[in-house]
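Comments concern the structure below.
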Amino acid sequence: MVNDNDRGMGADRLPSPFSLADSFRAALLRASNYRQHLRESDLASTAPTLIVSKLRGWLLPFHAGWQRLLTPAAIDAETPGSTGGVKAGELRAALRAHRSALIGIATASGLVSLLSLTAPLFMLQVYDRVLPSRSVPTLVGLALLVLVLFAFQGLLDMLRGRILLRVGRGIDERLSPRVFELVMRAPLQGRAAAEGQQPIRDLDNVRSFMSSTGLTAFFDLPWLPVYVAVCFLFHPLMGVAVLFGALLVCSLTLLTEVMTRGPARVAVTLATSRQKLADAARRNAALLQALGMRPRMTERWTQASENYLQSQQAANDMTTGLGSLSRVLRVVIQSGVLGIGAYLVINQEATAGVMLAATILASRSLAPVELAIANWKSFVTARQSWRRLSEALVAAPVEEERIALPAPKQNIRLTAVTVVPPGTGTAALHEVSFTLIAGNALGVIGPSGSGKTSLARALIGVWKPARGTIRLDGATLDQWSSDAFGRFVGYLPQEVELLEGTVAENIARFEQDADPTKLIAAATKAGVHEVILRLPQGYKTQVGEGGAMLSGGQRQRIALARALYDDPFLVILDEPNSNLDANGEQALSNAISGIRARGGIAIVIAHRPSAVSAVDHVLVLNEGRVQAFGAREQVLQQLRQPGLAAGEKVARGRRSS
């Protein structure tokens, strides 16, 4: 049996574990001696002091900027229209809620940037220390140290990306209810469906950018001066070259900002227009098919898509061209630094290690700028989304908490109410006044465009009166929160819409754990209980989007049951019999009589006289003004007099009110 430890060739051919341990200990000893040598050399004594001092000077403004962004007082003070800094900066407040995470990302970015110096410094030591000394232990020690540093760099980079994803998700979760509230309010402000959904797209854009690698570039940019300073420490000429390249590429970034701002804004506008056209075509698919309008609508869609794609192409061409130019500049600057290094090596003013290390640093210093330019389009989109979302949140503040008032049970009074529909600037109602007490039912009649639906929307608090007041039991409608107000108001709109879900969910207004007794009672009062039982799954039948799985009459009667759910005090029915047959109209009359019998108030807006057969008062509107108001038989008799002048009708209506 041969012992390799006793024979040189065997030992060289197959080192034992003991010899490997001895080599490792020797490498550590050499690394310790090397650190001592650096400590005693001029470069080692001056470089850390210079780097630390410059690094502190560069980081102080960056740290101050973060403090300014994340400090509550600063955020509230900077928000336009802020009143005491309370609700004006909801986006910044959401960002401030992740203050610790953002500071952690900034810290991780700083460490990653510092650890990026590992590769050039390792190359510097290999070329300038290891190769001349031919020291394998030193190489092994440096390699192990570098591997550990690279592992930490990769771990920090991974953690930074995961934290960014969670910050984006956290912002979305915090703002999502408010954004959905903006979407629900949009139609009430006269905005189109596509425009109303813009806040959701804006929040998606903000979240996507917050979770993307593009944001890491902005965290890395403040560390660019560190790399330039290290290049200056290698040689002033190299530092000047890298500084010039950095300024050139940063100027390119500013150019990208100027050139892409306009096309990005136009692209958003055209995307909204295209979405509105698509929504309109989807809603009116049957009409387009029946009237042969599909080819013409397709032509309009093609034109809208062409305009949108053209704007997108312009923005993409600009970003792609400037991104390619930045990559070319980076290669040129890197090659220039390499050439300057070679010149310095020839003149014995630098070593080969310094030349290669400076080349790598030049490339690394410009990488964040290049990444920022590559993601500039998404940055501009996110910034514009942030601005629109901020303005929308400020324009629609959170409802203030109100004192809980008792449920109304006495009367409703309108005093000189004038209503201007949002986005029109023209009054749809003028000086409308009347009073109803518990047990009354009012029928509102008049020609199309007379303001009947505007009156209904004012009564349910959707449109605020421009002048005058609406009071329930002496309290104006805005003294109740929307949730509290909805509990004692029933509303059947002119255009019946059911939400996707079951019949039971729609009748119970999607109330959690709804009382089956109240549910069946509402269906019974609307005369739709038997109709529901004949559906495939009864109350569990899915109605589909907008109630598409039901007929028009079924939708209207289920919507009537929803309006009657839980016996609301005030029930407003807008054209409740437009899709009803004789049985449905009888059920409607019974429902109105039931409201009166239990001490509620019903307001019925209709064209057909059968809808007002169960009311005791009638209001006649014409061109937004009260033409007559009073007891039903009296007003109807008044309208049957052909010789009665309109002015006399108005005067008589005013005396009645």
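So how much slack lies between ALA484 and THR469, counting 0.36 nm per residue of separation and subtracting their Cα-Cα distance, in nm?
Stretched out fully, the ALA484 to THR469 stretch lengthens by 3.5 nm.
Please work out the Cα center distance from the stretch 91-159 to the stretch 373-395, rounded to the nearest Å.
When both Cα centres are located, 33 Å separates them.
With +1 on each Lys and Arg Cβ and -1 on each Asp and Glu Cβ, how big is the dipole of the stretch 411-656 about its Cα centre, in debye rounded to the nearest 20?
The dipole magnitude comes to about 820 debye.
Which order do peptides 496-508, 313-325 fall in by mean Cβ count within 10 Å, highest first?
The peptides rank, most packed first, as 496-508, 313-325.
So which trypsin sites (Lys or Arg not before Pro) in the stretch 110-162 pass both tests, a DSSP loop state and at most 13 other Cβ atoms within 10 Å of the Cβ?
ARG134
Provide the per-residue ³J(HN,Hα) series for the stretch 503-513, in order, calculated from phi with Karplus coefficients 6.51, -1.76, 1.60 and θ = phi - 60°, each as a whole number of Hz, with x at glycine and proline positions.
Result, ordered by residue: 4, 4, 5, 5, 5, 7, 6, 6, 6, 5, 6 Hz.
Given labels modelled 7 Å from the Cα in the Cβ direction, how far is it in nm from SER133 to MET293?
8.5
Using a Cα-Cα cut-off of under 13 Å, which aspartates and glutamates could be cross-linked to LYS377, ignoring same-chain neighbours fewer than 8 residues away?
Partners found: GLU257, ASP317.
Around GLY449, which amide H atoms from residues at least 5 apart in sequence, or from another chain, sit under 5 Å from its own amide H, with H modelled in the peptide plane?
Here the answer is none, since no amide H 5 or more places off falls under 5 Å of that of GLY449.
Compute the Cα gyration tensor for the stretch 411-656, then decide on rounded, prolate or oblate, letting a ≥ b ≥ c be the square roots of its eigenvalues: rounded whenever a/c is under 1.5, prolate when a/b is larger than b/c in the other cases, and oblate in all that remain.
Here the stretch 411-656 falls in the prolate category.
Step through the table entries LYS409/LYS540; LYS409/LYS518; LYS452/LYS540, compare each Cα-Cα distance with 24 Å, and write down the pairs that go over it.
Listed pairs above 24 Å: LYS409/LYS540; LYS452/LYS540.
Enumerate the amide H contacts of ILE601 below 5 Å, restricted to partners 5 or more residues apart or on another chain; note that Pro and chain-start residues carry no placed amide H.
Excluding prolines and chain starts, which carry no amide H, the hits are GLY439, LEU570, VAL571.
Where does each of 362-372, 91-101, 509-519, 205-215 land if you order them by average Cβ count within 10 Å, highest first?
362-372, 205-215, 91-101, 509-519
Listing LEU309, LEU247 from the residue with the fewest other Cβ atoms within 10 Å to the one with the most, what is the order?
Sorted ascending by nearby Cβ count, the order is LEU247, LEU309.
Given labels modelled 7 Å from the Cα in the Cβ direction, how far is it in nm from VAL258 to ARG166?
About 4.2 nm separates the two model spin labels.
Give me a comma-separated list of calculated 3J(HN,Hα) values for the stretch 299-310, in order, Karplus coefficients 6.51, -1.76, 1.60 applied at θ = phi - 60°, integers in Hz, x for any Gly or Pro.
Taking θ as phi minus 60°, the curve returns 4, 5, 5, 4, 5, 5, 5, 5, 5, 5, 5, 5 Hz for the stretch 299-310.
Any chance you could check the Cα centroid distance between the stretch 512-548 and the stretch 200-241 for me, in angstrom?
59
How large is ³J(HN,Hα) for each residue in the stretch 247-261, as worked out from phi by the Karplus curve 6.51 cos²θ - 1.76 cosθ + 1.60 (θ = phi - 60°), to whole Hz, x for Gly and Pro?
Using θ = phi - 60°, the values come out as 5, 5, 6, 5, 4, 5, 5, 5, 5, 4, 4, 5, 7, 9, 4 Hz.
Could you list which residues have their amide H under 5 Å from that of ALA350, counting only those 5 or more apart in sequence or on another chain, with H placed in the peptide plane?
Result for ALA350 returns VAL345.
A short reminder: the numbers here are calculations on the coordinates, not readings from a lab. Note that the coordinates shown come from a computational prediction; the quantities given were computed from them, not determined experimentally. Here the Cβ is made from the backbone with ideal geometry for all residues, glycine too, and neighbour counts use every protein chain on show.
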